Amino acid sequence: MIRSVLAITDIRPAYTALLAGRYDLHRFDLIKDAEAFLNETGDKITAVVTSARFGLSVELMDRLPNLEVITSFGVGHDLIDLEACRARGIRVSTTPDILTDDVADTAIMLMHAALRNLVKGDDWARSGKWSANGPMALTRSVRGKKLGIVGLGRIGQAIASRAEPSGLEIGYFGRNPKPVDYQFFDDLVELARWADILMLSCPGGAATQGIINADVLSALGADGFVINIARGSVVDEPALIDALQNNVIAGAGLDVFYNEPHMDRAFAALDNVVLYPHHASGTVETRDAMAQLVVDNLNAWDERAELITPVA
Ligand code: NAP
């Protein structure tokens, strides 16, 4: 049974209010003296509510000796040390599946926006360049391109199922081949050499840190595009900026960055990249469903020591 809950962030006001109505809820982001709070209340906290963006540091976890459960808003858990949780018997849940469609839609949106130069086209019409200068430069067709997906999981497969009817050929890289008809590559450089568009949908964390490096980008080539809805950490960001500045690749569509929300300003100066502020799941419908699942996981733990969507 849950005693006090520590919320690292507000998941959604109405759902944080639900938690406050049922539990003794402490908002860590609103606490002025964290040290005093942890000294006085740390041992009463049995549950933490957090998000993929904030995770839970091992240092803070160590200050919560009776912590039983962490329920996180989002699907990435690269900012929660699952091994440390397992070692202490702390259970962890995320909010998978319900955000898959919106994230896959965003990936497809960024792909079209990058190849068809949507942002430049909007500016061309809006700013009067169209009437002053005539038609803007031609763009690239999506149909007939090869889409190389890095991480063919729930989101990667949802992207593939949307891309196929648009006439893209699918290949993928991952730890293991899947029971699908798409071409499997066990080498990332080979996938990049084959692909016109590299779509990143794998987890972040140590295993994927910087795997999209200068070698992969140069294998993708001057007509190639990178679309990233995974994590900024998956990309060697200086190498990507260099590749975009020097036309090593043609362009990119990016929802995620290494240092969020303080994105490297070099991206803002580039006209061959479409930027989105880590908002792939940022719809009212999906964020409400995610917040409800956080609440449901916490209540399931409180009522029957179970989690609905555990990852540890
Ligand atoms: P998932 O179902 O667990 O899929 C992850 C896929 O990545 C699996 O196919 C997995 O392969 C593969 N993978 C794991 N480790 C890998 C590695 N070291 N190298 C290459 N591939 C690897 O997760 P999901 O629900 O699709 O979510 C994927 C990721 O998307 C999340 O972890 C998160 O970082 C990101 N995401 C971003 C947003 C956003 O707002 N931009 C929202 C949600 C999620 P195996 O099956 O072989 O293990």
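The values are calculated or read from the model by the stated rules, or taken from the named source; none is laboratory data. These numbers come from a predicted model, not from an experiment. Note that each Cβ is placed from the backbone with ideal geometry, even for glycine, and that neighbours are counted across all protein chains shown. Heavy atoms of the whole protein, side chains included, go into the accessibility calculation; ligands, DNA and RNA do not. Shrake-Rupley method; radii C 1.70, N 1.55, O 1.52, S 1.80 Å.
For Leu25, the accessible surface of its heavy atoms amounts to roughly 40 Å² (probe 1.4 Å, protein chains only, rounded to the nearest 10). For the chain, the fraction of C-alpha pairs more than 35 angstrom apart is 28%. Here the accessible area is traced with a 1.4 Å probe on the protein chains. For the stretch 225-312, carbon and sulfur cover 50 percent of it.
Residues considered: Ile211, Ile229, Ile70. Largest GNM mean-square fluctuation over the chain, using C-alpha springs under 10 Å, is found at Ile211.
Between Ser161 and Phe37, the contour length at 0.36 nm per residue exceeds the alpha carbon distance by 39.8 nm. Pairwise inverse Cα distances across the stretch 99-275, averaged and inverted, put the Kirkwood hydrodynamic radius at 16.3 Å.
Here the stretch 216-242 is scanned for amide nitrogen atoms under 20 Å from the site 7 Å beyond the Cα of Arg265 along Cα-to-Cβ, giving 237-242. The accessible-area ordering, largest first, of the residues Trp130, Trp194 stands as Trp130, Trp194, per a 1.4 angstrom probe. Label point of Ala14 set 7 angstrom out along Cα-Cβ; within the stretch 279-312, amide nitrogens under 19 Å from it belong to 281-299.
Note on surface exposure: Met136, Met109, Met61 rank Met109, Met136, Met61 by accessible area, highest first, 1.4 Å probe.
With a 1.4 Å probe and every protein chain left in place, work out the accessible area per residue of the chain in Å², rounded to a whole number.
Values: 14790 Å² over 312 residues.
On a per-residue basis, the chain sits at 47 Å².
Calculated from the alpha-carbon coordinates, the stretch 195-312 shows an Rg and a Dmax of 17.7, 57 Å respectively.
To the nearest 500 deg cm²/dmol, what mean residue ellipticity at 222 nm is calculated for the chain from DSSP H runs of n ≥ 4 alone, each contributing -39,500 (n - 2.57), summed and divided by the residues?
Details: 12 runs with 114 residues, N = 312.
Theoretical 222 nm ellipticity from helices: -10500 deg cm²/dmol.
Per-residue SASA remark: Arg53, around 150 Å² accessible (1.4 Å probe; ligands, DNA and RNA not included).
Just to make sure I understand: if all protein chains stay in place, what is the order of Phe184, Phe225 by accessible area at 1.4 Å, largest first? Mind dumping the intermediate values first?
On the way: Phe184 65, Phe225 15 Å².
The most accessible residue leads, giving Phe184, Phe225.
When the surface is traced with a 1.4 Å probe over the full set of protein chains, Val248 keeps roughly 50 Å² accessible. Highest mean packing comes first when the peptides 5-17, 195-207, 32-44 are listed by Cβ atoms within 10 Å, giving 195-207, 5-17, 32-44. Simple spin-label estimate for Asp181 and Asn66 gives 5.7 nm between the two label positions (7 Å along the Cα-to-Cβ direction from each Cα).
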